[in-house]
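Take a look at the structure set out below.
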Amino acid sequence: MDETNRTPLWRPSPERLAHAELTRFTAWLAETRGLNLPDYESLWQWSVTDLEGFWAALWEWFDIQSATPYKQVLRERKMPGAVWFEGATLNYAQQLLARADQPDAASREALVFHSELVERDTLTWRQLREQVGTTMQTLQQMGVKPGDRVVSYLPNVPQALVAILATTGLGAIWSSCAPDMGATGVLDRFQQIEPKVLFAVDGYRYSGKDYDRTKTVANLIEALPTLRGVILVPILADAGAPNAPDAASVQRACNARPEPVTLCTWAEALAGNGPIPAFQIVPFEHPLWIVYSSGTTGMPKPIVHSHGGSLLESLKANRFHLDLGPEDRFFWFSSTSWIMWNLWVGTLATGCTLLQVDGNPGYPDLHRLWAFAARERATFFGTSPAFIALNMKADLNPGQTHDLSALRTLGCTGSPLTIEGYEWVYSNVHDDILLASISGGTDPGAAFLTSSPTLPVYAGQMQCRGLGCAVQSFSDTGEARIGEVGELVVTEPLPSMPLYFWGDTDGERYRSSYFETWPDVWQHGDWLALFEQPESVTSVIYGRSDSTINRHGIRMGTSELYRVVEGFEEVLDSLVIDLEYLGRPSELLLFVVCRDTNATDLGKEVAEPLSAALKTAIARQLSSRHVPNQIWHIASVPRTLSGKKLEVPVKRILLGHDPGRVLNRASMANPDSADWFVEHAQARLGMQA
């Protein structure tokens, strides 16, 4: 595999190099630490070798506001178990809102919002801080204290931004699901963490259609016994939408509880004088939020990140790798179910203006986001490979049809971006921008592989490994490789790594999720190849190495789909495979064993009405993003002798791997069941060739 020494698609200009914060930071290290770090690779090597020195330098450079000094940077240099900045006390939301103390805070925009219901709305820094302050008071009146969980069932709207800052400002713990997720998927997450308050929406508009969520909200209230308060955001009602939802069912659900739940509207939550928030100062490793990443078994993993670790990682990523500062206007299209939304929120710490869009990015057409970016003079446009692929298929040239002259950087994540995707950006968006293709995850709350404004961009490759991220590509025997596809691993701890999983009292689920193969090395679950370029070590992600489903950047465990699919009386067993892999179309395939399948149906696609019913149930109970592309009849699901579904071997077979190397038939309870998948893979790959 030779990915080296291609001609770069882009190189930073001397002006961009000189003005990059990363350039200034490196010069500062030379002046204050006596470090001679002549290029990015030497800076990266120092950052993963001298962990204490690197993170202490970031603490000083970013001027982290701590009420008390830290005793030491790192205690217990191991994974899991590292303890960071012990003794330091701070508040994440306070640092994000620091710009509100500036003289121009009453006039400078902190947020610009656009949706299918709202053409344009804004919040200044002063208004944002005032809304956060009044919302904090409302939460306190509902009994919220540090450590309590506050959950959100809101779309990507300004109210969600205020709510997360108010929650974390009190030292309470935030968690969020987007309202396109059905009640089953939401409850699988929220029931684990026992929330005290719920922010909820009456509905939302997507592709010009209104979706009533009041009944789902009522179901959530009934099924979450620890709730003491609900703050309802009547988005459709306030917009005067036709047939706007009636919130009576939400009120009835609150009243029906043995201990009534306090219900107030968003307007009532904001009633007050907008005081300057009294932020709760907490330890560096105090829980900040709970995000979810599903594995192949059991409930979604409730991952707990910290105030301090999330703050440091956000500042490092945004200021060094994405090169953001106070004059930037930052846009990244995201769902509130995705960790990218949390990281979008964290960009406030740079002092930039956040640009926010809700709704279908392709409605009424694919010009929507480009027109928004042009109108708002976006300097940063964040999207996904799926959106870029849609633009390519539609033969769009947004650089010609829209004024994108303010754009300095285009961010991309969620799945691997192809060589053709890279080339399209420079040919059709802008020929002088940093294409910041990055990869990390919900689990670490960080980008392992990322961008740098000081490095060139090679087609199909991420520019560098993140500072402080000791990323390697491991062979099956645990040897670091260059130029070969292996397991993405991290060999040193990061401050942003999970504190723990909620409810995982002995830490066993945490350890088994990342450290089962190599006890002291984080195994992320991606296929990775690293390449030595003249300026840095670049990388390519080739998809998931495990069976977790990654659709549009939002991961869901196969077990969640099985609960829905196998709830059908007609379905005896099932297997779901996500064929995300660089260079191939992303497909989600569902295979079902049906109770009354005719022999002539085996190996064929499932017909309606069952196919439609399965897809509808998955969309309603889980997520429309995770509806299968195809559903097939099979005779039996390949299983181990202990009964485990062989998801990963089947996935590898369907991706074209040698069945003899990825499948151990001697360990199978039903070895003949694999034959159909081998034949099916040969047929699929033959058609694609």
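Summary of values
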read-out	value
Filtered residues of the range 441-452 (kept if surrounded by 23 or more Cβ atoms within 10 Å (Cβ to Cβ) and either over 19 Å from the mean Cα position of the chain (by Cα) or not in a loop (DSSP other than H, G, I, E, B) (or both))	ALA446, ALA447, PHE448, LEU449, THR450, SER452
Scan of the range 383-413 for residues that are closer than 13 Å to ILE433 by Cβ, hydroxyl-bearing (Ser, Thr, Tyr) and not in a loop (DSSP other than H, G, I, E, B), ordered by number	THR383, THR409
LEU35 within 21 Å of PRO283 (Cβ to Cβ), at pLDDT 95 or above and either of a type in the set (S, T, N, Q) or touching a helix residue (DSSP H, G or I) at 6+ places or on another chain (Cβ under 8 Å) (or both)	no
Whichever residue in the range 241-268 is part of a helix (DSSP H, G or I) and open to solvent by 20 Å² or more (accessible area, probe 1.4 Å) and, among such residues, is nearest to GLN159 (Cα to Cα)	TRP266
Whichever residue in the range 619-653 is among the β-branched types (Val, Ile, Thr) and in contact with a Pro (Cβ under 7 Å, 6 or more places away or on another chain) and, among such residues, is nearest to SER673 (Cα to Cα)	VAL650
Number of positions in the range 231-240 that are outside any helix (DSSP H, G or I) and of a type in the set (Gly, Ala, Ser)	2
Residues of the range 587-626 satisfying the condition of being outside any helix (DSSP H, G or I) and within 30 Å of LYS215 (Cβ to Cβ)	LEU588, LEU590, VAL592, VAL606, GLU608, PRO609, LEU622, SER623
Yes/no for GLU484 being of a type outside the set (A, V, I, L, M, F, W, C), in a loop (DSSP other than H, G, I, E, B) and under 30 Å from TRP10 (Cβ atoms)	yes
Output for the range 10-42, where each listed residue is open to solvent by less than 60 Å² (accessible area, probe 1.4 Å), within 17 Å of VAL457 (Cα to Cα) and not in a helix (DSSP H, G or I)	TRP10, PRO12, SER13, ALA20
Subset of the range 650-664 [surrounded by 13 or more Cβ atoms within 10 Å (Cβ to Cβ) and assigned to a helix (DSSP H, G or I)]	VAL650, LYS651, ARG652, ILE653, LEU654, PRO659, VAL662
Filtered residues of the range 632-649 (kept if modelled with pLDDT under 90, outside any loop (DSSP other than H, G, I, E, B) and touching a Lys or Arg at 6+ places or on another chain (Cβ under 8 Å))	ARG639, LYS645
Criterion: touching a helix residue (DSSP H, G or I) at 6+ places or on another chain (Cβ under 6 Å), over 26 Å from TRP338 (Cα atoms) and either open to solvent by less than 60 Å² (accessible area, probe 1.4 Å) or charged (D, E, K, R) (or both) - qualifying residue of ALA88, ALA93, ALA100	ALA100
Selection within the range 500-551 - polar (S, T, N, Q), in a strand (DSSP E or B) and within 19 Å of the chain's Cα centre (by Cα)	GLN523, ASN550
Entirely in the range 153-224, the helices (runs of 4 or more DSSP H) that have 3 or more residues that are open to solvent by 10 Å² or more (accessible area, probe 1.4 Å) and in contact with a helix residue (DSSP H, G or I) (Cβ under 7 Å, 6 or more places away or on another chain)	183-193, 214-223
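Matching residues to (1) closer than 26 Å to ALA239 by Cα; (2) in contact (Cβ under 8 Å) with a residue 40 or more places away in the chain; (3) not polar (S, T, N, Q):
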| site | (1), (2), (3) |
| --- | --- |
| SER115 | yes, yes, no |
| ARG120 | yes, no, yes |
| ARG129 | yes, yes, yes |
| LEU139 | yes, yes, yes |
| GLY143 | no, yes, yes |
| PRO146 | no, yes, yes |
| VAL157 | yes, yes, yes |
| ALA163 | yes, yes, yes |
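The values are calculated or read from the model by the stated rules, or taken from the named source; none is laboratory data. Keep in mind that this is a model prediction, so the values were computed, not measured. For neighbour counting, all protein chains shown are included, and Cβ atoms are generated from backbone atoms with ideal geometry for every residue, glycine included. For the accessible areas, the whole protein counts, side chains as well, though only heavy atoms, and no ligand, DNA or RNA atoms are used. Shrake-Rupley method; radii C 1.70, N 1.55, O 1.52, S 1.80 Å.
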